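Q: Shown below is the structure under consideration.
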Amino acid sequence: MKRKDLLSIRDLKKQDILALMESAKQMKTAVQHPSKREFLHLNQAMITLFYENSTRTKASFTLAGKYLGMHTTDLAVSTSSVQKGECLLDTGKTLDQMGIQVVVVRHNHTGAPHLLAENMGAHVINAGDGSNEHPTQALLDLFTMLEQRGSVEGKKVAIVGDIAHSRVARSNFFCLQEMGAHVVFAGPETLLGGVHQLGAKTTTDVREAVADADVVMALRIQLERQKANNFPSLAEYQEFFGITEDLMRYAKKDALIMHPGPVNRGVELTNSLVDGQSSVILQQVQNGVAVRMAILNSLLEGEA
Ligand code: CP
């Protein structure tokens, strides 16, 4: 179904997700082979508007746009009129007058992309809003799982770490549930808040979560979002919840190691797991460009 914006995974049904996955497969060829890039959206324009830091999401959206032939620009919030007190809506309405078709927004407040979507003519893509959602991350994570395993139906995905503050955890839960996977969240009790209400399975026993898992996804400890000390120290977190080779012995033999990045090496995952054979962390990054090309294409289709 043609839609104006991509704000939440919950707006997508299984067939929408599968259509994006199919399109991303074609787009991946264009990521890997420059000569195969078709400029499907030549002269259409996209702006990235990030109120929070990013490496992967911002760079991959910019490149995804360029590989589709789009004009892309970044509004550097730290040197923009936001610093003179301009409100989000005025910034959005201002950018909307500049001939853009897409705005990709990341904001520390839940709902900021939704507010822009209601008030802008341009397509709005949520690139992460507070602790709420990061839908494009969940789609690239799913793409990576499908590429590696063919299907996620009935597969066990253990998501370990700072669940309470994680938009990646929430979007992955909605996406994987829609696709028939079985998600288990694990972390310290203080970092599991908010997901019980979604009906998600949670445990403070990381071995239980990892047992027979097909995928083990570690999440970053988001010190910037924690108002209280939710665990005594990073060393203690690592000891009780860090993913190690020993812990991975409980998972399926061929279990995938995933992480949305950036990784706190030696905290969420040992160095050797990050760089090891089972890790698909770099594939996640490459797939991020292809999946974002598919998302841009689906929003812009027929509008050239
Ligand atoms: N995974 C992710 O969103 O990474 P960035 O913060 O680098 O965009």
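Q: Rank these by accessible area, largest first, 1.4 Å probe: ARG167, ARG220, ARG249.
A: Sorted descending by solvent-accessible area, the residues read ARG249, ARG220, ARG167.
Q: In what sequence, highest mean first, do 56-62, 234-240, 137-143 appear when ranked by Cβ atoms within 10 angstrom?
A: Result, highest mean first: 137-143, 56-62, 234-240.
Q: Please report the antiparallel percentage of the DSSP beta bridges confined to segment 102-259, to the nearest 5.
A: 5
Q: Could you give the alpha-carbon Rg of the chain over 2.2 N^0.38 Å, rounded to two decimals?
A: With N residues counted in the chain, Rg over 2.2 N^0.38 Å equals 0.99.
Q: While we're here: Using the heavy atoms of the protein chains alone and a 1.4 angstrom probe, what is the accessible area of the chain per residue in square angstrom?
A: Computed with neighbouring chains in place, this is 44 Å² per residue.
Q: Subtracting the Cα-Cα distance from 0.36 nm times the residue separation, let me have the gained length for ASN53 to ASP212 in nm, one decimal.
A: 53.7 nm
Q: I'd like to know which of ALA186, SER80, GLY69 lies farthest towards the positive end of the charge dipole of the chain, counting +1 on Cβ of Lys and Arg and -1 on Cβ of Asp and Glu.
A: GLY69
Q: Within straight cross-link reach of LYS156, meaning Cα distance under 23 Å, which lysines are found once same-chain residues fewer than 8 apart are removed?
A: LYS13, LYS14, LYS201, LYS252, LYS253
Q: Here is a follow-up. Roughly how big is segment 1-159's charge dipole about its Cα centre, with Cβ charges of +1 (Lys, Arg) and -1 (Asp, Glu), in debye to the nearest 20?
A: Computed charge dipole of segment 1-159: roughly 540 debye.
Q: Right, something else. Could you derive backbone 3J(HN,Hα) for segment 265-274 from the dihedral phi with the Karplus parameters 6.51, -1.76 and 1.60 (θ = phi - 60°), listing whole Hz in sequence and x where the residue is Gly or Pro?
A: 4, x, 10, 6, 9, 5, 3, 5, 6, 4
Q: Ok, one more. Can you tell me the FRET efficiency between LYS14 and HIS109 if r is taken as the Cβ-Cβ distance and R0 is 30 Å, rounded to the nearest 0.05?
A: 0.50
Q: Could you give each residue of segment 287-292 its phi-based ³J(HN,Hα) in whole Hz, using Karplus coefficients 6.51, -1.76, 1.60 with θ = phi - 60°, and x for Gly or Pro?
A: Result, rounded to whole Hz: 5, x, 5, 5, 5, 6.
Q: For segment 238-304, what class follows from the C-alpha gyration tensor (a ≥ b ≥ c being the square roots of its eigenvalues): rounded when a/c is under 1.5, otherwise prolate if a/b is larger than b/c, else oblate?
A: Here segment 238-304 falls in the prolate category.
Q: Apply the a/c threshold of 1.5 to the C-alpha gyration tensor of segment 167-304 and tell me whether it is rounded, prolate or oblate.
A: Judged from the Cα gyration tensor, segment 167-304 comes out prolate (a/c at least 1.5, a/b above b/c).
Q: Same structure again: In nanometres, what is the gap between the two model label sites at GLN286 and LYS36, each 7 Å from Cα along Cα-to-Cβ?
A: About 1.2 nm separates the two model spin labels.
Q: Turning to a different aspect of this structure: Going by amide H atoms built from the backbone, whose H comes under 5 Å of the H on THR202, apart from near neighbours?
A: PHE185
Q: Cα gyration tensor of segment 105-254, axes a ≥ b ≥ c as square roots of the eigenvalues: rounded (a/c below 1.5), prolate (a/b > b/c) or oblate?
A: Oblate, since a/c reaches 1.5 and b/c is not below a/b.
Q: Which percent, nearest 5, of DSSP beta bridges in the chain are antiparallel?
A: 5
Q: Let me ask something else about it. How big is the dipole moment of segment 117-186 about its Cα centre under a simple scheme where the beta carbon of each Lys and Arg is +1, that of each Asp and Glu is -1, and everything else is neutral? Debye, nearest 20, please.
A: Dipole size: approximately 240 debye.
The values are calculated or read from the model by the stated rules, or taken from the named source; none is laboratory data. Just so you know, these numbers come straight off a predicted model, no measurement behind them. Reconstructed Cβ throughout: ideal geometry from the backbone, glycine too, with neighbour counts over all protein chains shown. For the accessible areas, the whole protein counts, side chains as well, though only heavy atoms, and no ligand, DNA or RNA atoms are used. Shrake-Rupley method; radii C 1.70, N 1.55, O 1.52, S 1.80 Å.
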